[in-house]
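The values are calculated or read from the model by the stated rules, or taken from the named source; none is laboratory data. All of these numbers come straight from a predicted model, not from anything done at the bench. Neighbour counts are summed over all protein chains in view; Cβ atoms, including those assigned to glycine, are modelled from backbone coordinates with ideal geometry.
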Amino acid sequence: MTVFAGSVKTDRLWGLILSDVLTGSLGVFAADLTNAFFGWSVMDTLALQLLNGLDKGGAYALIALGLTLIFGTLGVVNFAHGALFMLGAFCAVSVQKLLTISVKVKDESITFFEAYKEVPYLETWFGETGTVIIDYSVPISILLAIPVMLVIGLAMERGLIQRFYKRTHAEQILVTFGLAIVIQELVKANFGANPIPTPAPEIVAGSASIGDWLGLGSAVVYPWWRLIYLAFAAVVILGVFSFLQFTTFGMVVRAGMQDRETVGLLGIDIQRRFSVVFGLAAVVAGLAGVMYTPILPPDYHMGMDFLVLSFVVVVVGGMGSLGGAVAAGFLLGILQSFASMNEVKSILPGIDQIIIYLVAVVILLVRPRGLLGRKGVMEN
Amino acid sequence: MDEIKKGVSRRGVLKGGTALAAGLAAPTFFMRHAFGADFRNNPGDSSSVTFGFNVPQTGAYADEGADELRAYKLAIKHINGEGDGGLLNTMQPLSLKGDGILGKKAAYVTGDTQTKSDAARASAKRMIEKDGVIMYSGGSSSGVAIAQQSLAQEMGIVFMNGLTHSNDTTGKDKRRYGFRHFFNAYMSGAALGPVLEAEMGKERSAYHLTADYTWGWTQEESIKNTTEGLGWQTANAVKTPLGAGDFSQYITPVLNSGADVLILNHYGKDMINSLTQAVQFGLRDKQVNGKDFQIVVPLYSRLMAQGAGENIKGIFGTTNWNWSLQDAGSQAFVKSFGQEYGFPPSQAAHTCYVQTLLYANACQMAGTFYPPEVIKALEGFEFDGMGNGKTLYRAEDHQCFKDVLVVKGNDNPSSQFDLLEVVQEVPRSQVEYDASIFGGELGPYEA
């Protein structure tokens, strides 16, 4: 093996392993041992790509979770779900714009048009405190996004989508896709087509030295906000599952997903609960959008970019399966990241662009209902 | 039997009529090739002539497309003698008189390219076949520009490229019916090289992330040639899919690559996203090989720079033109555009405006709308007063040669538009090259 070729780096590594064994540090020993076999950079890259995949998978899973909730309860294929993700992101933009309403100091040297420097009122009035409030606009916008997205979700379901419950899936797709385009154009008319920078708070704008934590070396860093996003996605997913699993409301919803008619015959207004579930799915998509803004400066088209992939995630996970959607989201995110590694692309050029669809084809061939799909869902 | 016919005979009418018809037709018959009486969308006796402005009105470049459209409309106004005249006041030599083109008023139709080649071609074809445009123009993607340029050659209608920066546009994919005023990737490299050397030294290792299409490929090639010429190493060059959104999986390998410069061959939304994410990964705070890690964005756009926010500060790149230039032409354009719309024009707006005026002026110079004659008028045309100093429309490849701006993200902007600081105005002579290096054939004058 070339790693034993006696380079200074390898000698140092074996020295480290010996010292780990002697000091009884098993975790660090494992990391050093793997490094010895695979080389420094490969381990670093694998760890980083795993994190990238989990991060990306978190976004896919959150959107796919909402899509599956809606499909599983209401039987609607909601092509406007990406637009809900985008609306969430624009909640963050709106809060930022609100917090940075400014006094405009005109640049007198410019005469052909109005050029000015903006000084936010919050900074003028509250000084350093105002600056901190503006800095935290993304986390603050979560507070706005929850009620706004709930109202938007309920309005969308009650105002339009409920009229299409008894229509074909093709008609549902057409109407929700049309709705998505209308929402996009409204956002574009108000905010323009360019992405809008929406940074994370300064304190988490940089990178965490995860290499030091994992014993991989100080060169391995990962953005704080992406780690926060990953934790956030996990909390939201667990929250939704707990809500469905451990509350009476959730139990009724799950029962309704299994057999809507029987639940109705028991005198439960399942439709009303399903409407609330639509609102909940909208909130989940919206929060995913809010939290994603520091990673991807939002623009009016961002929802559509995620929607196609999220549908693949739902199909791979199994139509109507919440666990399947989450599992498939993370699986495809991770595969997409690993497929983008230079080492992989040098063997299979262009694999990073098709991996998701390739895996989807294979999974659907082997398991036509998807990873955790249930019999009878969307089969008639 | 003598038959004396008095008055007008049938034979006489026919003879006379034939002679008269021949006489009337004579100028156009003898001068047919000069004035092109018979060519596609000949405006003939019409009181107006129509241009087609095919820009992205939807999709990621819609804002840039909207700015291009504003510039086109302004150009039409100025050609027709409305408004303050804009660059008609500064352009030299000038044949236009501010009363339209060859006595006809300029009109326009618009189309949406959606920044997709097939959509752009379909829209352009509709303009040519249905709206009867004599020239069409537009930009924001080299792939789209090259597709439209090919159509122009097939249809015999001149295409004046808007924003397109690939070397291929006036290189291997050049066409007789296509013209580019905008600079290209080679010029970006040639202009940027000395500044990078002065700012970052000769011992550097660069990692390229490149948009996987014609523009990205040629820019990577040109910048690599430049930096390797300076003595820099190329650690790696990785192609990224267009519109990837999340670039994290392409950025993380940079961390351990040993590179100390990241070159982002991305434009528009890709540039905003990759730059934002590269900064989040701490690349700008990193020290590698005992040097501060640097990021370079070879092609800058002020409109797009807005999307990257604070992240662009101090980052070097090039641009075709900037509203802060102080020459008479630039100031005249900024004044017209600013007073009309309330904000400064983008580089895309500038090139589109100039292209429209140049085409109109070429028709006036040629005395006809007949494309081969208009093309000949544009080929080798040297002009001034349009911003960027003295400019040549080189005949061999239809590429304009003019000064190029090296810019960097402004550390301390004085206004919301003051995002780019001009570091250097690189003279035309420094960015010129032999037309043959990129190959390609212009094709025939007669389509």
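Can you confirm whether B:Phe179 is free of Cβ contacts under 8 Å to residues at least 40 places away in the same chain and assigned to a strand (DSSP E or B)? Show your work before the answer.
Working: free of Cβ contacts under 8 Å to residues at least 40 places away in the same chain: no; assigned to a strand (DSSP E or B): yes.
Considered against the rule, which asks whether it is free of Cβ contacts under 8 Å to residues at least 40 places away in the same chain and assigned to a strand (DSSP E or B), B:Phe179 comes out as no.
State whether one or more residues within the stretch B:245-256 are part of a helix (DSSP H, G or I), more than 14 Å from every other protein chain (Cβ to nearest Cβ) and modelled with pLDDT under 95. Reasoning before the result, please.
Filtering the stretch B:245-256 for residues part of a helix (DSSP H, G or I) gives B:248-255.
If we keep only those that are more than 14 Å from every other protein chain (Cβ to nearest Cβ) as well, we get none.
No: zero hits.
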- In the stretch B:284-295, is there at least one residue being in contact with a strand residue (DSSP E or B) (Cβ under 7 Å, 6 or more places away or on another chain), closer than 24 Å to A:Lys56 by Cα and within 10 Å of chain A (Cβ to nearest Cβ)? yes
- For the stretch A:68-75, does any single residue satisfy the condition of being modelled with pLDDT under 90, of a type in the set (S, T, N, Q), touching a Ser or Thr at 6+ places or on another chain (Cβ under 8 Å) and not in a loop (DSSP other than H, G, I, E, B)? yes
- Unmet requirement for B:Gly162, which otherwise passes all of (1) touching a Gly at 6+ places or on another chain (Cβ under 7 Å); (2) touching a residue at least 40 places away in the same chain (Cβ under 8 Å); (3) surrounded by fewer than 24 Cβ atoms within 10 Å (Cβ to Cβ): (3)
- Task: Could you list all residues from the stretch A:205-226 that are touching a Pro at 6+ places or on another chain (Cβ under 8 Å) and not small (Gly, Ala, Ser)?
- Result: A:Trp225
- Task: May I ask you to verify whether A:Glu171 is more than 20 Å from the chain's Cα centre (by Cα), acidic (Asp, Glu) and modelled with pLDDT of 90 or more?
- Result: yes
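Among the listed residues A:Ile134, A:Ile146, identify the single one that is in contact with a strand residue (DSSP E or B) (Cβ under 7 Å, 6 or more places away or on another chain) and assigned to a helix (DSSP H, G or I).
On the way: A:Ile146 fails: in contact with a strand residue (DSSP E or B) (Cβ under 7 Å, 6 or more places away or on another chain).
The match here is A:Ile134.
Working only within the stretch B:304-348, note down all residues that are polar (S, T, N, Q) and closer than 23 Å to A:Asp299 by Cβ.
Answer for the stretch B:304-348, where residues must be polar (S, T, N, Q) and closer than 23 Å to A:Asp299 by Cβ: B:Gln306, B:Asn311, B:Thr319, B:Ser346, B:Gln347.
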- Task: For residues that are buried (at least 23 other Cβ atoms within 10 Å of the Cβ) and either on the phi > 0 side of the Ramachandran plot or hydrophobic (A, V, I, L, M, F, W, C) (or both), tally how many sit in the stretch B:191-226.
- Result: 8
- Query: How many of the residues making up the stretch B:101-134 are without any contact (Cβ under 8 Å) to a residue 60 or more places away in the chain, out of contact with any Lys or Arg (no Cβ under 8 Å at 6 or more places or on another chain) and not acidic (Asp, Glu)?
  - Reply: 16
- Lone qualifier among B:Gly98, B:Gly52 - being without any contact (Cβ under 8 Å) to a residue 24 or more places away in the chain and touching a Gly at 6+ places or on another chain (Cβ under 9 Å): B:Gly98
- Is at least one residue of the stretch A:238-259 on the phi < 0 side of the Ramachandran plot, within 14 Å of chain B (Cβ to nearest Cβ) and acidic (Asp, Glu)? no
- Take the stretch A:293-306 and flag every residue that is buried (at least 24 other Cβ atoms within 10 Å of the Cβ) and more than 9 Å from chain B (Cβ to nearest Cβ). A:Thr293, A:Pro298, A:Gly303
- Which of the residues belonging to the stretch B:202-249 are basic (Lys, Arg) and in contact (Cβ under 8 Å) with a residue 60 or more places away in the chain? B:Arg204
- Scan the stretch A:256-285 for residues that are in a helix (DSSP H, G or I) and either acidic (Asp, Glu) or under 10 Å from A:Thr73 (Cα atoms) (or both) and jot them down. A:Gly256, A:Met257, A:Gln258, A:Arg260, A:Glu261, A:Ile270, A:Gln271, A:Arg273, A:Phe274, A:Ser275, A:Val277, A:Phe278
- Message: Kindly evaluate B:Thr276 against the criterion of being of a type in the set (S, T, N, Q), more than 22 Å from A:His301 (Cβ to Cβ) and either outside the structural domain of B:Asp168 (by TED's automatic domain parsing) or not in a strand (DSSP E or B) (or both).
- Response: no
- Item | Conditions (1) at the interface with chain A (Cβ under 9 Å from one of its Cβ atoms); (2) in contact (Cβ under 8 Å) with a residue 60 or more places away in the chain; (3) not in a loop (DSSP other than H, G, I, E, B): number failed by B:Thr318 | (1)
- Message: Of everything in the stretch A:73-118, what is more than 36 Å from the chain's Cα centre (by Cα) and either among the aliphatic types (A, V, I, L, M) or away from chain B (no Cβ under 11 Å) (or both)? Give them in sequence order.
- Response: A:Val105, A:Ile110, A:Ala115
- Message: Restricting to the stretch B:99-133, and then to whatever is of a type in the set (A, V, I, L, M) and surrounded by fewer than 19 Cβ atoms within 10 Å (Cβ to Cβ), can you tell me which residue is nearest to B:Ala60 (Cα to Cα)?
- Response: B:Ala122
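Could you pull out the residue among A:Phe311, A:Phe274, A:Phe330, A:Phe338 that is touching a residue at least 24 places away in the same chain (Cβ under 8 Å) and within 12 Å of chain B (Cβ to nearest Cβ)? Show your work before the answer.
On the way: A:Phe311 fails: within 12 Å of chain B (Cβ to nearest Cβ); A:Phe274 fails: within 12 Å of chain B (Cβ to nearest Cβ); A:Phe330 fails: within 12 Å of chain B (Cβ to nearest Cβ).
Just a single option satisfies the conditions, and that option is A:Phe338.
Each row is one residue, and each column tells you yes or no for (1) of a type in the set (A, V, I, L, M); (2) surrounded by fewer than 22 Cβ atoms within 10 Å (Cβ to Cβ); (3) within 28 Å of B:Tyr341 (Cβ to Cβ).
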{"residue": "B:Glu373", "(1), (2), (3)": "no, yes, no"}
{"residue": "B:Gln399", "(1), (2), (3)": "no, no, no"}
{"residue": "B:Val407", "(1), (2), (3)": "yes, no, yes"}
{"residue": "B:Glu425", "(1), (2), (3)": "no, yes, yes"}
{"residue": "B:Glu432", "(1), (2), (3)": "no, yes, no"}
{"residue": "B:Glu441", "(1), (2), (3)": "no, yes, no"}
